[in-house]
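To start, the structure under review is shown below, and the notes come after it.
Please treat every number below as a calculation from the coordinates, not as lab data. Just so you know, these numbers come straight off a predicted model, no measurement behind them. Ideal geometry is used to build each Cβ from the backbone, glycine not excepted, and the neighbour counts take in all protein chains shown.
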Amino acid sequence: MRYFDHNATTSIAPEVLEAMMPFLTDRWGNASSSYRFGHAVAEHIEQARADVARLLNAAPEEIVFTGCGTESNNTALHSAISTQPQRRHLVVSAVEHPATLKYARHLERQGYEVSVVPVDREGRLDLVFLERSLRPDTALVSIMWANNETGMLFPIETIAQQCRERGILVHTDAVQAAGKVSLDVRAAPVDFLSLSAHKLHAPKGVGVLYVRGGTRLQPLLIGGGQEHGARAGTENVPYLVGFGAAARRAQARLAEYGIRVRAMRDRLESCILRSIAKTHRNGAEEPRLPNTSNLSFVGIEGEGLLHRLDEAGICVSTGSACTAGHPEPSPVLMAMGLSPARARGAVRFSLGLDNTGEDVEALLALLPQLVHELRRAQS
Ligand code: PLP
């Protein structure tokens, strides 16, 4: 298998599994227990918290472990409106992940007002619209650090500064940015930031919500007092430890991501655009995640190409949800104003640290012929 879908999920790194193993086998105690067999595992949770904090240049006490990136996003929105009941307005971008957008729509149905910041044809945020949307009753601005489909990076530092000056809380979904670009919550003064471990070579089902010191948090889950009262539910110790190991690994390999992964992505993208006629990049060349390339192949369905590549053992993604066999064009690409045909012809290639130059050459060797055959079959 050659895997080009790292924005969907990643493999568990050997060192992450190794760090988790003792807590899946011998050290299965409950961190809240009073005897040593239990509470001794708590210090490993605190180590993991410190490791994740370092990835963000945050303080360990600002890190709350959650069940996934979706829960982190939901919690940020829920908390912002619950702690400021007089503020009934939210700002999100048109290209947020459903984990944010659907929750915002849910709040809209409950009577909140939601301003949706548009993007241009290159996937860039309309910053003038954003600034004009800010109001005295804005409870939260939630803008992702990087888009999962196009890889476009948004100017979170500027947005966070603007909101801070106006006393408005800011959340950023950094699920796709972590481990791919450097994140610094001191330079970009957000109040909330979401992470998900499974994009960082750790297991699915564990997330983080960074909560700036001094920002009030209203937890989503009501129950036990775990996570210092910030997130109820008995700690999933092995997964939290795994997240810590993944954060250490991501930090150590950040430069490699920016150089080696970027070089592979650039070769893949430029060769495809040069060697296959009628192909377009969706999203601007920069500022963009170093691993993501979203390309449309005019005249074919991305879904069709995905399946042909799958037969050859190559994994990519289209971003379109397949409803009853009819691929719906990606809402992100539609929000960019691309035609439904161009959006349906899109394929996302997302590379990672475990790709090699050989993977890229194998894909490049196969792709022109597959596109040619699919185009011939369609005409
Ligand atoms: N936000 C973004 C940008 C994502 O890409 C994803 C996952 O694809 C999520 C949030 C959700 O994270 P999780 O799968 O941990 O719920």
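Listed values, structure above:
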| quantity | calculated |
| --- | --- |
| 3J(HN,Hα) from dihedral phi, region 33-40, Karplus parametrisation 6.51/-1.76/1.60, rounded to Hz, x for glycine, proline | 5, 8, 7, 4, 4, x, 5, 5 |
| D (Stokes-Einstein, µm²/s), Kirkwood Cα radius, region 170-218, 1.567 mPa s at 4 °C | 113 µm²/s |
| Descending semi-axes in whole angstrom, ellipsoid equivalent of region 268-314, from the Cα gyration tensor | 20, 13, 10 |
| Residue among Ser115, Cys271, Pro219 farthest towards the positive dipole end of the chain, charges placed on Cβ | Ser115 |
| Residue exposure sequence - Arg124, Arg216, Arg54, Arg274 - by fewest surrounding Cβ within 10 Å | Arg274, Arg216, Arg54, Arg124 |
| Lysines whose Cα lies under 22 Å from that of Lys180, excluding same-chain neighbours fewer than 8 positions away | Lys199, Lys204 |
| Region 1-96 - Kirkwood radius from inverse mean 1/r over Cα pairs (Å) | 17.0 Å |
| Translational diffusion coefficient (Stokes-Einstein; Kirkwood radius from C-alpha pairs) of the chain at 4 °C, 1.567 mPa s, in µm²/s | 60 µm²/s |
| Binned Cα-Cα distances of region 219-299, short to long, each 5 Å bin given as a whole percent | 3, 12, 14, 13, 10, 9, 10, 11, 9, 6, 3, 1 |
| Residue exposure sequence - Cys68, Cys271, Cys163 - by fewest surrounding Cβ within 10 Å | Cys271, Cys68, Cys163 |
| Distance cut-off 20 Å, percentage of C-alpha pairs in region 20-164 lying past it | 59 percent |
| About the Cα centre, charge dipole magnitude for the chain (Lys/Arg +1, Asp/Glu -1 at Cβ), debye | 500 debye |
| Region 254-342: mean projected area of Cα convex hull, nm² | 6.8 nm² |
| Nonlocal amide H pairs with Val114, under 5 Å, H built at 1.01 Å | Leu90 |
| Region 332-379: radius of gyration over Cα atoms, expressed as a fraction of 2.2 N^0.38 Å | 1.48 |
| DSSP bridge pairs, region 136-234: antiparallel proportion in percent, nearest 5 | 45 percent |
| Between region 42-88 and region 244-296, the Cα center-to-center distance that results, in Å | 28 Å |
| Whole-Hz ³J(HN,Hα) from phi, Karplus 6.51 cos²θ - 1.76 cosθ + 1.60, for region 184-195, glycine and proline x | 9, 6, 7, 6, 10, x, 7, 8, 9, 8, 9, 9 |
